[in-house]
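Take a look at the structure set out below.
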Amino acid sequence: MPKKTDEKISPMKPPDTMASQVWRRFRRHPGAMVGAVILTILIISVLLAGLSPYDPEISDIKNRFQSPSWTHLFGTDGLGRDVLVRVLYGGRVSLTVGFMVVGITLSIGVPIGAMAGYFGGWIDSVLSKVIDATLSLPALMFMILLAAILREIDLPILKTNSTLTIALVLGVLSWPTVARLVRAVFLTFREMEYVQAAKALGASNLRIIISEILPNGFGPIIVESTLGIGYAIMEESTLSFLGFGIMPPTPSWGNLLDNAQEHLSQYPWLAIFPGLMIFLAIISINFIGDGLRDALDPYKILAQIDE
Amino acid sequence: MGQYIVRRLLQAIPMLLLVSIILFALINIAPGGPLAQFSRSRRLSGERVEALKRQFGLDKPLPVQYIVWLAGNDWMAIDTDGNGITDSYGTRKGVLRGDFGFSFQNREPVLEQIMDRLPNTIYLMGITLIVVAIVAIPIGIISAVKQYSAFDITVTTLSFMGQAMPEFWLGLILILVFYVTLDNPVTGKALLPGGGMFTIGAEFSLVDRINHLILPVSMGVVGWVAWWSRFLRSSMLEVINQDYIRTARAKGQSERKVLYRHALKNALIPLITMIMIDFPYVFTGAIVVERIFSWPGMGRLYYNSATSRDYPMLMGVLILGSVVIILSNLMADIIYAYLDPRVRYD
């Protein structure tokens, strides 16, 4: 067989899926990659919290208020508990709440936004009014009120599970943003021809909503959800700091800072580390969200196809 | 234009009612109304509690209670002993006439207490807002004009950091640095005060007031400036990349004129809307600052009331906050429609 020495045959490229394009674009963002690395480190250390020899909730009064040392990397708090362990367990709580909130937000916001955008008419009017009314409430104030009330009610689920309570409180005020987003997507894509084609083929409304129109919204929904985790962590720690969030002795970054307040002058490390964790978590999430927003931008992906 | 304003006003009223219904329903779910303390008292018999209930109108169905809360009950007959004969008329004037009820804690009228503290909050948050505007607007504009310069990159990075920083942590760190650690070289005491609006007992001094303002204002300013400068930068960039700017440049306009006359004016529209939408924060955003810096304002009042479950007070502040938000959004829409005629015809 004659050898083709002067012709360079390029190897076959792997199929160019949407996901790989998005990943490629995401990788180009230095900020987003740094954020992803930091967040991964955070999540791994939080998951490994159980490896510590110290218990986050058992007090050890002999060793209270130790400054950071090699035995206690972040020092100890007023009851002698190791701060590093408490910070890591607090991280578990904060991250769990963050994900729960996003789950609740999506479960409420997406259906409501879809219905409002797809059906229009009086359904849209009513739902939009509810969305606007919820957005007219002063956020932190309402959350404090809701948290206080939920605590007074005698529901056993809520009494034992302050994580769930907080997630509900935060979710109730976060779903309108997602609902608005989804509604806008549906208003835009409702009139597309492929939707009409699907209708002509006899597709049910539900099928059209889920299979035809909703996928257009995945990009913005993903970005909004990612940033939503950061927002939830911020609000949860604010609520816990004020005493209306996660209740002691369960550690949360917010209530660790609350306890640190009275000892600020003497034992400042109690305040520095938990806040630092909140800061790192949120900033890495924001970087990732920003990178995702660029990576998922359909116009830029279209431009990439022409490359 | 007038039609647009009327339309928006008419839309705002049911919104206010809806918000008030949500809040009213929520408060009534909570156990522990005004009579909770009485139900445990041994001196009050069941009969007396019933009579009190009827006097407060708590035996009526909820929708009636809502109307009473809104419009008062001094036009309604109250029958205290349940025998069918009217004994007295109600005493409440209702929210629409400014009667927000009485605080559970100290029996003072809610509105009075709010109005007592409100000026302090507006003082603090108003100054914060002004500082934010003075700092963020130039930064955002310069950042957009000199895109990708060292200034821009620094500013963008700093604003990412500013947005991720928890307010209350920043406040604690500021106290740690300026009150706990650093000392005033002249007096030997702390460099900046750790709380309060002014030094108690001292005469009025502008310097003293400013000293007490520096830390709380700095705490509030960081996150706000971060958000505004990013927003301004992106809206300014959007405007600069428009075709009409390119036309102005092609026509030979000096760069300065292009920026000030064409770009800035159009970028101002989203800016003004954003200021109006953020404005309610002056009323509602002070809870954490006032708690950390012991500021005697409405935020701290709200926090204390929440801790002691003083529902009438909480209701009053929430209603006030919601009204401010709804009115601000209304103003934002109207101003936007005034500045950008394309919006009016929807």
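Quick one: in segment B:254-277, of everything that is of a type in the set (G, A, S) and assigned to a helix (DSSP H, G or I), which residue is nearest to B:R342 (Cα to Cα)? Across segment B:254-277, the extreme among qualifying residues is B:A267. Considered as a group, the residues in segment B:303-346 that are among the aromatic types (F, W, Y) and within 11 Å of another protein chain (Cβ to nearest Cβ) include one that is farthest from B:Q65 (Cα to Cα), and that residue is B:Y303. Within segment A:195-253, if we keep just the residues that are hydroxyl-bearing (S, T, Y) and not in a loop (DSSP other than H, G, I, E, B), the residue that is farthest from A:L150 (Cα to Cα) turns out to be A:S211. Of the residues contained in segment B:14-33, none is found to be away from chain A (no Cβ under 14 Å), assigned to a helix (DSSP H, G or I) and at pLDDT 65 or above.
Looking only at residues in segment B:279-295 that are in a loop (DSSP other than H, G, I, E, B) and more than 11 Å from chain A (Cβ to nearest Cβ), the one that is nearest to the chain's Cα centre (by Cα) is B:F279.
Restricting the search to segment A:38-58, which residues are outside any loop (DSSP other than H, G, I, E, B) and loosely packed, with under 13 Cβ neighbours inside 10 Å? Selection gives A:T40, A:I41, A:I44, A:L48, A:G50, A:L51. Being over 19 Å from A:M247 (Cα atoms) and within 14 Å of chain B (Cβ to nearest Cβ) is a property that holds for A:L127.
When you look at B:G162, is it in contact with a helix residue (DSSP H, G or I) (Cβ under 8 Å, 6 or more places away or on another chain), farther than 20 Å from B:A267 by Cβ and either modelled with pLDDT of 85 or more or surrounded by fewer than 16 Cβ atoms within 10 Å (Cβ to Cβ) (or both), yes or no? Spelling it out, B:G162 is indeed in contact with a helix residue (DSSP H, G or I) (Cβ under 8 Å, 6 or more places away or on another chain), farther than 20 Å from B:A267 by Cβ and either modelled with pLDDT of 85 or more or surrounded by fewer than 16 Cβ atoms within 10 Å (Cβ to Cβ) (or both).
The values are calculated or read from the model by the stated rules, or taken from the named source; none is laboratory data. Worth saying up front: this structure is predicted, and the values here are computed from it rather than measured. Note: ideal-geometry Cβ built from the backbone for every residue, glycine included; neighbour counts use all protein chains shown.
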